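> Below you'll find the structure I mean.
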Amino acid sequence: VSATVPQTELVTLSIDGVEVRVPKGTLLVEAAKTIHTDIPVYCYHEKLGPAGLCRICLVEIEGMPKLQIACNTEVAAGMKVYTQNPRVDDGRRAILEFFLLNHPLDCPICDKGGECDLQDYAMAWGQGSSRTVEPKLPKPKAVDLGPTIVLDEERCIVCQRCVRFDQIITREDQLRTDDRGAHTIIATATGKPYGGDFTGNVTELCPVGALTSKTYRFRSRPWDNHRTTTSCTQCSVGCQMHVDERGDQLLRTMSVAEDDAVSDAWLCDRGRYNIGFVGDERRVTQPLLKQDPSPGSGQAPTWVQIDWHDAIAMWAAELKKAGTNAGVIGGGRLLNEEAYLAGLVFRALGIENIDHRTGEQTVVHHDGFASHVDLENANTIVTLGRPPSQLAPVLDLRIRKAVSRRGARLISVGDHAANSFVPETRVADVAALRKAMPAEPGTIAVVWDGVPRTGDDAFVALRGEWTAAGRRVLTYVLPEEPNGRGADALGLHPVNGGLDTRAMLEAARDGKLGVLTVLGANPVLRFPDRALVEAALRATPFVVVTDLFVTETAEFANLILPVCSAFEKTGTTTDLAGDVLPVIGAVRAPDGAIADGDALVLLAEALGLALPPVAQLEQKVYELVRTPPAFASDTAPPDALPAPQDGELRVIRETTIFTGGGTLAFDQRLAELRTQPRARVHPDTARAFALGDGDLVDVSAAGGAMLTDLPVVVDPGVPAGAVALVDGIPRAPLNALGGANYVRLAKALVTA
Ligand code: SF4
Ligand code: SF4
Ligand code: FES
């Protein structure tokens, strides 16, 4: 150990007669864990810290007249602690008796039964019968707390974990306790529904059956579930998650308490709740071939089911016919192994037009391997472009933690609409960033949405100055697709003169491509210029789409290949920090659907291509993902925008975790969570256009493209002179405006 590394002072004490050495400042409840002794807790939680509210954690400390709470007592040298003896048992019994005074004794019909800390501790220390003769205090039952959660006030033991989660972790302060003593209830501070991106975590924190998820309650008992641990693939954070399944039915996902490295033991609501699509009856379960109607019949095309053998043969034949005049779009939702295979197979055919980027983002690759924990420990965090909360929600909790609990400075650069829950300095551009940057030394973490903007050159120069001044600079690019970083590292980007997505679409529109293969992507909804995508897909003689559903893009396909979800296949994915994470199949895919990787293997066989053995492929995947890329960025920053014309508003593109036309649109249980179309404007802008909250507006771009009937939301967080519009909503797709930077607003004509 180097002399410069600070030594942690260790303290020796005894717990139940066993000598324990732990760092000074350790809480007794944590010290006991080092000898595998679990002290019961309700209000205490490792991630929330002590609250000292419930007193179930009583222990005896030699020399102290009264029992002490282990959750808020620090170790001391020579301390002798007893966690199990008749005195401690008596104390816990008394505490439990208080908890059960008004708590219903109906575990058999409680959704938490079998995994409830009150049930378990009552079995361990409770007295078996009640001494009270008064009736229990009635409280509201089955309270609809918000779109995701139901609250049973009678079951609440007022440990306040849920309230403190909202105070300490999300910093959103939505929940609070109302009333006093036995009448205390949990409620939202505003009286509005409990919402946001992280609500489901409180159902896990709740030690009893008071908070339950609408999507899971009364669907199963824990002992009937089978659990698989995997990585969430709904975004690029890669949270570790438990998946509970029963009889091949996906029931729920849960956070992994030990996952300090990536999720910090949280899940966002997209990752937690967006699982209903897996069993949705609209899944495609047989390859579908489009049959065009006879010319002039006026009828719509129909889909005909064909078998996999014929589908693969057709795909192979069309690819052979097209030769190198073919393109591949997508792959950011594939597993690493599948992405690598895709690159091998299509490049073996001489196809160089390959690009996984299908949205606004054009830069994904970088050579940084800074971890999620490194971000939490940075002194200054600079976000560039869309806020991390919109692209990588659980990573945003790290940023909130860094600012609120570790004292980091947060500076956001750009004109996005604010939605920060911790103090931040907002600056418009790099010149202002230079001034706002604190001079003191320390690590700077840059979190970028990968969209090149005017001023990037100046930022590169500023970054060079930071490095020259001896500051450590970490970079995080937030991929738009869950495995965007893996797809990029594994070859799904254009090299050797291949076309990128936009150039491919233009070539296809101009009739220059014979085949377009779209791998698990939805450019019709996501690519900034919808008209270009549609024209390209229409003009291409043969379009193959691999997907679970007939999405907006699959509608344009000649052949749809039904593939597995990430819950139905096994491999690895790459998170935004460059970690290779396991993905483990939890349920069987519906008959007829196969993994993208298997479809690629069948294609390679049909084309007579040899593929490397699996072990070699896995090794190669790991090497490529962990090696900084040798290729340079292919995206130059755009020119500065021209000044707006009179009456034009600048477009701020927003995304939310609840937009999309694939897994989200096909999850029937999440209707309430999907982001609804809206036009957010600053109060000054609203006044200038004589608009108020809830008014409907039409938004039009030069050239006539239009989104109609968007409700106005007046929000001081949006810069004046701009309108914030949400990307990726099927009913009002922002890309229908063709990537316009300026739009006009007009009150919608509402007809009776
Ligand atoms: S609802 Fe659950 S987590 Fe919240 S205070 Fe009550 S018992 Fe604790
Ligand atoms: S942050 Fe991303 S990876 Fe984590 S649970 Fe949410 S969607 Fe899944
Ligand atoms: S867990 Fe110690 S007082 Fe609640």
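The values are calculated or read from the model by the stated rules, or taken from the named source; none is laboratory data. Since this is a predicted model, take the numbers as computed values, not measurements. Every residue, glycine as well, gets a Cβ built from its backbone with ideal geometry; the counts of neighbours run over all protein chains shown.
> What's the total number of residues in the stretch 483-502 that are farther than 20 Å from Thr572 by Cα and in contact (Cβ under 8 Å) with a residue 60 or more places away in the chain? Walk me through how you get there before you give the answer.
Here is the first cut: in the stretch 483-502, the residues farther than 20 Å from Thr572 by Cα are 494-502.
Narrowing further to those that are in contact (Cβ under 8 Å) with a residue 60 or more places away in the chain: 494-501.
Looking only at that region, the number is 8.
> Run down Glu480, Glu424 and say which single residue is more than 16 Å from ligand 2 (Cβ to nearest atom), touching a residue at least 12 places away in the same chain (Cβ under 8 Å) and charged (D, E, K, R). Working first, answer last.
Values: Glu480 fails: more than 16 Å from ligand 2 (Cβ to nearest atom).
From the options Glu480, Glu424, the qualifying one is Glu424.
> For the stretch 365-392, give me the residue count where each residue is in a loop (DSSP other than H, G, I, E, B), touching a residue at least 60 places away in the same chain (Cβ under 8 Å) and more than 20 Å from Ala487 (Cα to Cα).
Initially, the stretch 365-392 is screened for residues in a loop (DSSP other than H, G, I, E, B), giving 365-371, 377-379, 385-387, 392.
Still in the list and also touching a residue at least 60 places away in the same chain (Cβ under 8 Å): 365-371, 377-379, 385-386, 392.
From what's left, more than 20 Å from Ala487 (Cα to Cα): 377-379, 385-386.
Matching residues across the stretch 365-392 total 5.
> Anything in the stretch 461-476 that is part of a loop (DSSP other than H, G, I, E, B) and either under 27 Å from the mean Cα position of the chain (by Cα) or of a type in the set (Gly, Ala, Ser) (or both)? List them, or say none.
If the condition is that a residue be part of a loop (DSSP other than H, G, I, E, B) and either under 27 Å from the mean Cα position of the chain (by Cα) or of a type in the set (Gly, Ala, Ser) (or both), then Ala469, Gly470 are the ones that fit.
> Okay, moving on. Can you tell me which residue in the stretch 153-196 is nearest to Val394 (Cα to Cα), limited to those that are among the polar types (S, T, N, Q), within 13 Å of ligand 1 (Cβ to nearest atom) and not in a helix (DSSP H, G or I)?
Let us first name the residues in the stretch 153-196 that are among the polar types (S, T, N, Q), namely 160, 167, 170, 174, 177, 184, 188, 190.
From what's left, within 13 Å of ligand 1 (Cβ to nearest atom): 160, 167, 174, 177, 184, 188.
Cutting the leftovers down to not in a helix (DSSP H, G or I) gives us 160, 174, 177, 184, 188.
On the way: Gln160: 22, Gln174: 18, Thr177: 26, Thr184: 31, Thr188: 22 Å.
Across the stretch 153-196, the extreme among qualifying residues is Gln174.
> For the stretch 223-233: of the residues being surrounded by fewer than 20 Cβ atoms within 10 Å (Cβ to Cβ) and β-branched (Val, Ile, Thr), which is farthest from ligand 2 (Cβ to nearest atom)?
It comes out as Thr228.
> Just checking, how many residues over the stretch 12-62 are under 11 Å from Asn72 (Cα atoms), part of a loop (DSSP other than H, G, I, E, B), of a type outside the set (A, V, I, L, M, F, W, C) and within 16 Å of ligand 3 (Cβ to nearest atom)?
Total satisfying the criteria: 5.
> Hey, another quick one. So if I check each of Val1, Val75, which one is at pLDDT below 95, aliphatic (A, V, I, L, M) and away from ligand 2 (no atom under 16 Å from the Cβ)?
Working: Val75 fails: at pLDDT below 95.
Only one candidate qualifies: Val1.
> For the stretch 663-674, indicate whether the set of residues that are assigned to a loop (DSSP other than H, G, I, E, B), more than 30 Å from Leu251 (Cα to Cα) and of a type outside the set (A, V, I, L, M, F, W, C) is non-empty.
Narrowing the stretch 663-674 to residues assigned to a loop (DSSP other than H, G, I, E, B): 663-667, 671-674.
Now restrict to residues that are more than 30 Å from Leu251 (Cα to Cα): none.
No, the conditions are met nowhere in the stretch 663-674.
> Could you say which residue among Phe165, Phe198 is within 16 Å of ligand 2 (Cβ to nearest atom) and more than 24 Å from Asp667 (Cβ to Cβ)?
Details: Phe198 fails: more than 24 Å from Asp667 (Cβ to Cβ).
It is Phe165.
> List the pairs whose first member sits in the stretch 188-209 and is within 15 Å of Pro147 (Cβ to Cβ), whose second member is among the charged types (D, E, K, R) and away from ligand 3 (no atom under 16 Å from the Cβ), and whose Cβ atoms are under 6 Å apart, counting only residues at least 6 apart or on separate chains?
Gly196/Glu172; Asp197/Asp269; Thr199/Asp269; Gly200/Asp269; Gly200/Arg272
> Taking the options Leu664, Leu617, name whichever one is within 16 Å of ligand 2 (Cβ to nearest atom) and within 29 Å of the chain's Cα centre (by Cα).
Criteria check complete, one pass: Leu664.
> Where residues in the stretch 170-206 are more than 26 Å from Arg252 (Cβ to Cβ) and within 16 Å of ligand 3 (Cβ to nearest atom), which of them is surrounded by the fewest Cβ atoms within 10 Å (Cβ to Cβ)?
The residue in question is Thr177.
> Spot the failing condition for Gln7; the list is (1) in contact with a Gly (Cβ under 8 Å, 6 or more places away or on another chain); (2) away from ligand 3 (no atom under 14 Å from the Cβ), and only one is missed.
(1)
> Let me ask something additional. Is it true that Ala210 is more than 16 Å from ligand 3 (Cβ to nearest atom) and among the hydrophobic types (A, V, I, L, M, F, W, C)? Step through it out loud before you land on a result.
Values: more than 16 Å from ligand 3 (Cβ to nearest atom): no; among the hydrophobic types (A, V, I, L, M, F, W, C): yes.
No; evaluated as a whole, the condition is false for this residue.
> Another question, then. Within the stretch 305-321, identify whether any single residue is surrounded by 19 or more Cβ atoms within 10 Å (Cβ to Cβ) and in a loop (DSSP other than H, G, I, E, B), and answer yes or no.
Applying the first criterion (surrounded by 19 or more Cβ atoms within 10 Å (Cβ to Cβ)) to the stretch 305-321 yields 311-312, 315-316, 318-319.
Imposing the further condition that a residue be in a loop (DSSP other than H, G, I, E, B) reduces the set to none.
No, the stretch 305-321 contains no residue that is surrounded by 19 or more Cβ atoms within 10 Å (Cβ to Cβ) and in a loop (DSSP other than H, G, I, E, B).
> Of the residues Ser255, Ser231, only one is under 18 Å from the mean Cα position of the chain (by Cα) and farther than 19 Å from Gly571 by Cα; which? Break it down into steps so the answer makes sense when it comes.
Values: Ser231 fails: farther than 19 Å from Gly571 by Cα.
Of the residues listed, the single one that is under 18 Å from the mean Cα position of the chain (by Cα) and farther than 19 Å from Gly571 by Cα is Ser255.
Matching residues to (1) buried (at least 20 other Cβ atoms within 10 Å of the Cβ); (2) closer than 17 Å to Gln645 by Cβ:
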position	(1), (2)
Pro677	no, no
Val699	yes, yes
Ala705	no, yes
Val718	yes, no
Leu737	yes, yes
Leu745	yes, yes
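This table checks each residue for (1) surrounded by fewer than 23 Cβ atoms within 10 Å (Cβ to Cβ); (2) part of a loop (DSSP other than H, G, I, E, B); (3) over 29 Å from the mean Cα position of the chain (by Cα).
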site: Leu492; (1), (2), (3): no, yes, no
site: Val495; (1), (2), (3): yes, yes, yes
site: Leu499; (1), (2), (3): yes, yes, yes
site: Met504; (1), (2), (3): no, no, yes
site: Ala507; (1), (2), (3): yes, no, yes
site: Leu513; (1), (2), (3): no, yes, yes
site: Leu525; (1), (2), (3): no, no, no
site: Pro528; (1), (2), (3): yes, yes, no
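> Among the residues of the stretch 347-364, count how many are crowded, with 24+ Cβ neighbours inside 10 Å and in a helix (DSSP H, G or I).
Here the count works out to 0.
> Got a number for residues in the stretch 147-169 being within 22 Å of Leu137 (Cα to Cα) and more than 16 Å from ligand 3 (Cβ to nearest atom)?
Residues that pass the stated criteria total 6.
> Given the criterion aliphatic (A, V, I, L, M) and in contact with a helix residue (DSSP H, G or I) (Cβ under 6 Å, 6 or more places away or on another chain), identify the matching residue among Leu101, Leu67. Break it down into steps so the answer makes sense when it comes.
Details: Leu101 fails: in contact with a helix residue (DSSP H, G or I) (Cβ under 6 Å, 6 or more places away or on another chain).
Exactly one of Leu101, Leu67 is aliphatic (A, V, I, L, M) and in contact with a helix residue (DSSP H, G or I) (Cβ under 6 Å, 6 or more places away or on another chain), namely Leu67.
> Which one is nearest to the chain's Cα centre (by Cα) among residues in the stretch 80-127 that are of a type in the set (A, V, I, L, M, F, W, C) and assigned to a loop (DSSP other than H, G, I, E, B)? I'd like the intermediate steps shown before the answer.
Step one: of the stretch 80-127, the residues of a type in the set (A, V, I, L, M, F, W, C) are 81, 88, 94-96, 98-101, 105, 107, 109-110, 116, 118, 122-125.
Filter once more, so that each one left must be assigned to a loop (DSSP other than H, G, I, E, B): 101, 105, 110, 116.
Details: Leu101: 41, Leu105: 37, Cys110: 30, Cys116: 27 Å.
That would be Cys116.
> Oh, and also: Filter the stretch 262-285 for residues that are hydrophobic (A, V, I, L, M, F, W, C) and within 13 Å of ligand 2 (Cβ to nearest atom); which is nearest to Gly578 (Cα to Cα)? If you could, list the steps in order and put the result at the bottom.
First, the residues of the stretch 262-285 that are hydrophobic (A, V, I, L, M, F, W, C): 262, 265-268, 275, 277-278, 284.
Next cut, within 13 Å of ligand 2 (Cβ to nearest atom) only: 262, 265-268, 275.
Working: Val262: 11, Ala265: 19, Trp266: 20, Leu267: 19, Cys268: 20, Ile275: 25 Å.
The selected residue is Val262.
> Do any strands (runs of 3 or more DSSP E) entirely within the stretch 535-643 hold 1 or more residues that are closer than 24 Å to Glu360 by Cβ and in contact with a Pro (Cβ under 8 Å, 6 or more places away or on another chain), and if so, which? Outline the logic, then answer.
Values: elements: 542-547, 559-562, 571-574, 580-583.
Per the criteria, 542-547, 571-574.
Results for (1) away from ligand 3 (no atom under 16 Å from the Cβ); (2) under 26 Å from Gly571 (Cα atoms); (3) at pLDDT below 95; (4) buried (at least 23 other Cβ atoms within 10 Å of the Cβ), shown as yes or no for each residue.
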{"site": "Arg221", "(1), (2), (3), (4)": "yes, no, no, no"}
{"site": "Cys235", "(1), (2), (3), (4)": "yes, yes, no, yes"}
{"site": "Ala261", "(1), (2), (3), (4)": "yes, yes, no, no"}
{"site": "Asn274", "(1), (2), (3), (4)": "yes, yes, no, yes"}
{"site": "Phe277", "(1), (2), (3), (4)": "yes, yes, no, no"}
{"site": "Gly296", "(1), (2), (3), (4)": "yes, no, yes, no"}
{"site": "Pro301", "(1), (2), (3), (4)": "yes, no, yes, no"}
